[in-house]
Amino acid sequence: MSPSVTAGIPEAGRPAVGDREIPTAGLSTSPPPWSKKQKRAYHRIKSLLKFWLSHDYQVLWVCLTSSPNSDAKALAYHHQILRQRIEREFGYHGLEHFQVRTGEGYGVLHCFWSWKERRPGFRQRSFYVPQNWLSRAWEEIHGAKVVWVCRLRKGKKSIKIVSAYAVTQYCAGQSKFERMSWSWKRSLGFPMVRVWNWIRSRYEDLHDALLIWDLLLSGAPLWFRGGIGLVSLDRLRANYSARGAPLG
């Protein structure tokens with residue numbers, strides 16, 4: 001494969017054929033100093049992984065490339081079509097995602113997909129999209145067949161390592177980072193950044209704010225003074241659904 005085709009595929013996992021797990025050996029959680037953009041990306045990725053893995057989601061780490069025959073402007077739209085096809089073909093309804101788009105090669109999407117069975121009466125089953133199927137489907141949709149998929153192991157260490165690795169590799173200046181987005185309505189049900197900024201404003205110490213944030217994402221109800229009372233994920237969702245303001 002030429003460098004332009006394989007740009008963006010994590011070196012530690014290349015090639016990825018079949019059911020693979022993300023290799024974490026040798027990946028550092030202490031990267032060099034980051035820019036504000038990288039810190040924001042790390043916080044968003046780590047927050048969603050924390051939420052997903054605390055609530056029994058299964059997570060896949062996915063890389064989708066482009067080719068000279070691909071429409072670079074349609075990369076995000078084609079990713080949406082791919083997710084919809086996966087929902088139909090495999091029954092993974094309610095598939096959630098986080099994506100970072102970079103300008104590597106002809107355009108690359110670095111993604112996390114998450115899913116869990118929500119239908120009453122249905123047992124939880126394994127979440128995985130076979131490499132060969134993904135390659136064929138992506139070539140049909142986007143005109144590129146080079147893809148990469150791995151499972152994310154559950155655990156606090158995996159969250160930190162993978163978040164740091166993703167930001168270091170994909171959000172650094174040399175990676176041509178363009179934008180990031182995620183399924184915030186489907187995942188959390190309220191605007192994540194707005195709630196985080198509210199929590200951050202209440203604590204002078206960043207460490208304290210992050211501790212409270214992690215507890216909230218894990219599902220713990222928290223009591224706030226000043227007439228605010230109990231804050232939980234369910235309350236934030238209900239407030240946003242009724243008033244358009246998670247803390248209103």
*asked:* The conditions are (1) assigned to a helix (DSSP H, G or I); (2) touching a His at 6+ places or on another chain (Cβ under 8 Å), and residue 137 fails exactly one of them. Which is it?
replied: (2)
*Given the structure, is residue 87 more than 27 Å from residue 43 (Cα to Cα), surrounded by 13 or more Cβ atoms within 10 Å (Cβ to Cβ) and among the charged types (D, E, K, R)?*
yes
_at pLDDT 95 or above, surrounded by 15 or more Cβ atoms within 10 Å (Cβ to Cβ) and within 29 Å of residue 218 (Cα to Cα): is that true of residue 97 in this structure?_
yes
*Considering the stretch 35-57 alone, what residues qualify as being outside any loop (DSSP other than H, G, I, E, B) and either loosely packed, with under 14 Cβ neighbours inside 10 Å or basic (Lys, Arg) (or both)?*
36, 37, 39, 40, 44, 46, 50
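Looking only at residues that are among the charged types (D, E, K, R) and surrounded by fewer than 17 Cβ atoms within 10 Å (Cβ to Cβ) in the stretch 102-122, which one is farthest from the chain's Cα centre (by Cα)?
Per the stated criteria, the residue is 119.
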*Which of the residues spanning the stretch 124-159 are surrounded by fewer than 18 Cβ atoms within 10 Å (Cβ to Cβ) and at pLDDT below 80?*
153, 154, 155, 156, 157
*Are any residues in the stretch 235-248 surrounded by fewer than 11 Cβ atoms within 10 Å (Cβ to Cβ), part of a helix (DSSP H, G or I) and either of a type outside the set (A, V, I, L, M, F, W, C) or touching a helix residue (DSSP H, G or I) at 6+ places or on another chain (Cβ under 6 Å) (or both), and if so, which ones?*
243
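In the stretch 58-84, what residues are of a type in the set (Phe, Trp, Tyr) and surrounded by fewer than 21 Cβ atoms within 10 Å (Cβ to Cβ)? Outline the logic, then answer.
So in the stretch 58-84, the residues of a type in the set (Phe, Trp, Tyr) come out as 61, 77.
Once the filter is applied, which keeps residues that are of a type in the set (Phe, Trp, Tyr) and surrounded by fewer than 21 Cβ atoms within 10 Å (Cβ to Cβ), the stretch 58-84 yields only 77.
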*Provide a single number: the residues in the stretch 162-206 that are part of a loop (DSSP other than H, G, I, E, B), at pLDDT 90 or above and either surrounded by 17 or more Cβ atoms within 10 Å (Cβ to Cβ) or not charged (D, E, K, R) (or both).*
6
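The values are calculated or read from the model by the stated rules, or taken from the named source; none is laboratory data. Computed from a predicted model, the values in this text were never measured in an experiment. As a convention, Cβ positions derive from the backbone with ideal geometry for all residues, glycine included, and neighbour counts pool all protein chains shown.
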